[in-house]
Amino acid sequence: MEKYLEIIQNSYSGYWNYLKNEILMQTNWVNYFYGLILISIAVWLLEIAFPWRKNQALFRKDFWLDTFYMFFNFFILNLIVFIALSNTAAEILNDILGTIGLSISSFQLFDVDDLPKWLGLLIFFLVSDFVQWNTHRLLHRVPLLWSFHKVHHSVKEMGFAAHLRYHWMEPVVYKSLLYIPIAIIGGFDAQDVAIVYFIAIVIGHLNHANLGWDYGVLKYIFNNPKMHIWHHAKELPKHVRFGVNYGLTLSIWDYLFKTNYVPHNGRDIELGFEGDENFPNDFINQELYPLNKK
């Protein structure tokens, strides 16, 4: 137990020092803090220049709430719980495997250092995106997980910052299910992972932005605003009642597994979920919703 407490303490102090360095720009080029700001400003400018819903206000409904979510989930949530939880869970898993003479590295399929960098990054990207696609499906199909995921679907007007409006339990679920597959193909350095992560942030922001783009033929590969808005549709046919278009970065999984659904131009469809008129409008009560709901 003392070892795990030390891991938690070191995780907090280490991440706090990292976050200070990010803000003070004392790190290398991989700076998530200012990277997120620059990406957000760039996509917001695209919304202003090419608005799909022209009657939507520049500061749309819940703009500031979503902006707060964006920074809270991207940085503060890591400081409060996620880094310590991830590091502790990884150590517990290794200790359990150690009782039978194994470690997580025992399951590693190959060493990415033996592959060309582009191929290693491509494998990392495809595996992580596919696992997250499946996890997203679970968030819609498992009632407990759906109660957390409702926070994200409470968005009533789409904009770039809606990308990062989610309950703090969501990354716990995502990362827990992603840990073992990524560990099996591990060996990536931080800068390589950052490239993939920044690409995911850009596409995620664009998916939620007030833009009427589908990227032409590339829509069958990359998720896009015209496709993703149907994921947020309040009303769907019964045969897709658990949701559609689960892709985060890639849309290819939806087309392969027949969960794609874009019946027509969805610019003006109503967003949300059944009963969302009773869903809390503020951050604290949205976070507490799964505990308070009857």
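None of the figures in this text is laboratory data; all of them are computed from the coordinates on show. For clarity, every value in this text was computed on a predicted model and none was experimentally measured. All Cβ positions, even for glycine, are placed from backbone atoms using ideal geometry, and neighbour counts span all protein chains on display.
So here's what we get for this one:
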| quantity | calculated |
| --- | --- |
| Gain upon complete extension [residue 217, residue 177; 0.36 nm per residue less C-alpha separation] | 11.3 nm |
| Length released on extending from residue 202 to residue 241, taking residue separation times 0.36 nm less the Cα-Cα span | 11.2 nm |
| Order of 47, 235 under a 10 Å beta carbon neighbour criterion, fewest first | 235, 47 |
| Relative contact order (percent, whole number), the stretch 139-270, Cα cutoff 8 Å, 6+ residue spacing | 22 |
| Members of 156/234; 156/219; 54/226; 156/258; 219/258 lying beyond 19 Å, as alpha-carbon distances in this model show | 156/219; 156/258 |
| Sorted by Cβ neighbour density within 10 Å, fewest at the top, the residues 52, 168, 133 | 168, 52, 133 |
| Where only C-alpha atoms are counted, convex hull volume of the stretch 135-248 per residue in Å³ | 130 |
| Proxy reagent accessibility, fewest Cβ within 10 Å first, across 128, 147 | 147, 128 |
